[in-house]
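Comments concern the structure below.
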Amino acid sequence: MSLISKTAAELGAMIAAGEVSAVEVAEAHLDRMVEVEPKVQAFLHVEREVTLEQARAVDTRLRAGERLGPLAGVPIAHKDIFATRDMPTTAASKILEGWRPPYDATVTARLREAGLVILGKTNLDEFAMGSSTENSAYHVTRNPWDLSRVPGGSSGGSSAAVAAYEAPLSTGTDTGGSIRQPAAVTGIVGMKPTYGGSSRYGLIAFASSLDTPGPFARNVLDAALLHEAFSGHDPLDSTSIDAPVPSVVEAARQADIAGMRVGVVKEFGGEGYQAGVLARYHEAVELLESLGAKVVEVSCPSFRTALPAYYLIAPSECSSNLARFDAMRYGLRVGDDGSRSAEEVMALTRAAGFGPEVKRRIMLGTYALSSGYYDAYYGQAQKVRTVISREFDAAFQQVDVLVSPTTPTTAFAIGERADDPMAMYLADLCTIPSNLAGNAAMSVPCGLADEDNLPVGLQIMAPVLADDRCYRVGAAVEKALESRWGGPLLKEAPSL
Ligand code: GLN
């Protein structure tokens, strides 16, 4: 079996045993990228020599007897929203074109320290605003299952890279669903850790009370290994939780859910959902029952109001966060010819540097925060947020985890929702409540929809700091389905 077909855990073990070098593993993935990138276009920046240099350094460290973690030498692709000191960081925006950060994000620094080798920076919706990666200012990324479809978003480059076997692992960020939704529509595993469980330091901010870094992988154990490698308290992030990282790797290995109480969220999964998505979802719930879980229906009526509340809170925070792109500090500067005031240069730069969706969010947020409207919009949305958290708390008194479909539909066609922001926003209907409440949530593949043969994701939600439960249930589902399917959903590297 070729190196690109191995799991991250297998690659890490082979490298540690000296059976293969980090350089050889990196080369195999870089070669795969040369082959399929023209079609998938998952990456914004790839610098072969920088990657190989990192791999050589890891090989040297290992030969010197340094004890690195289980993923030492394993390649990874980072969403281009994490600062990397040796590669550009643009958030897929023209306003940051060519910007090279002088430092690493905590996530990238910790993974570098653990010996992971960066293959490149992946495409995303500009500033992580979107659900299809079509809002990138650079190019569209394609879903490896069907190149005419989107790979989800905003972390669509990261999901496509892993689904196309260009990388065994990648990072993403989830503010409203941007890890779980792309994972679901590309048939891979994606995890949104508990808010504050993974560091935001060095992550280009979208909505700071929601932004959460997390892992993508083709199987649950690999996702757990990556989760554990970058998570944990970070004094550089003011909302980082000072508590031990839940034992997610152990939970992924356990994969036993006998006696667990699973709540089916009544509000998710009715009208407006694709039939094939619902069929796979209902089968997954039956599967959980057959594995010994006790399944009950749980009602969380306010989850229906999560989407509108999110579209007030997230744009409000974005309008404030994106004020830092003032043409003075980073990236693009337009019209600075000595004849214009700083204010004029700022206005020209922001007009030229931000794309339409980013401008829409800044305007929405500025309006929602303006005096006279603040209480009616932002204040009201914050109250809804509190009610949603309370409904989660009440539900988790009754059950250990909640489940729902991850997304209402499978991957949609490129262009299909590009001019319809409301249709685009609906992709995150089921994922947003966990962002507002800050609890842990995962998407794990549960089959292909009959209509289009495209992947369907099962969402597993767990209480704050009970991330391990997502991994336990996710691994149990994966194990049972793989024995049914005779292997993983994504059996081998797709020929593109
Ligand atoms: N699709 C949602 C949005 O556009 C969520 C994005 C995200 O999680 N970064 O805001």
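If exposed means no more than 10 neighbouring beta carbons inside 10 Å and the site is in a DSSP loop, what's the longest run of the chain without any exposed GluC sites (Glu not before Pro)?
Numbers: sites that count: Glu19, Glu271.
Of all site-free stretches, the longest is 20-270.
Computed from label points 7 Å out along Cα-Cβ, the spacing between Asp419 and Val296 is 4.9 nm.
For the pair Ser483 and Arg63, label points projected 7 Å from Cα toward Cβ lie 4.5 nm apart. Taking label positions 7 Å along the Cα-Cβ direction at both Asp452 and Thr239, the computed distance is 3.2 nm, reported to one decimal. Each 10 Å bin from 0 upward holds the following percent of the Cα-Cα pairs of the chain: 4, 21, 33, 27, 12, 3, 0, 0.
For region 244-308 and region 118-159, what is the separation of their C-alpha centers, rounded to whole Å? For region 244-308 versus region 118-159, the Cα centre distance is 27 Å. One decimal place: the segment Asp337-His282 gains 13.6 nm when fully extended, by the rule 0.36 nm per residue minus the C-alpha distance. Across region 5-72, counting alpha-carbon atoms alone, Rg and Dmax equal 13.0, 40 Å. Using the Cβ-Cβ distance between Glu53 and Arg324 with R0 = 41 Å, the FRET efficiency computed as 1/(1 + (r/R0)^6) comes to roughly 0.85.
Checking the Cα-Cα distances for Lys6/Lys491; Lys94/Lys359; Lys79/Lys359; Lys192/Lys383 against a 18 Å cut-off, the pairs over it are Lys79/Lys359; Lys192/Lys383.
Calculate, in whole percent, how much of the Cα-Cα pair population of region 155-237 lies beyond 21 Å. Walk me through the intermediate numbers first.
Numbers: 740 of 3403 pairs.
Summing the P(r) tail past 21 Å for region 155-237 gives 22 percent.
Readers should treat all values here as calculations from the given coordinates under stated rules, not as data from a laboratory. Just so it is clear, the structure is predicted and the values come from calculations on it, not from any experiment. So basically every Cβ, Gly included, is an ideal-geometry build from the backbone, and we count neighbours across all protein chains shown.
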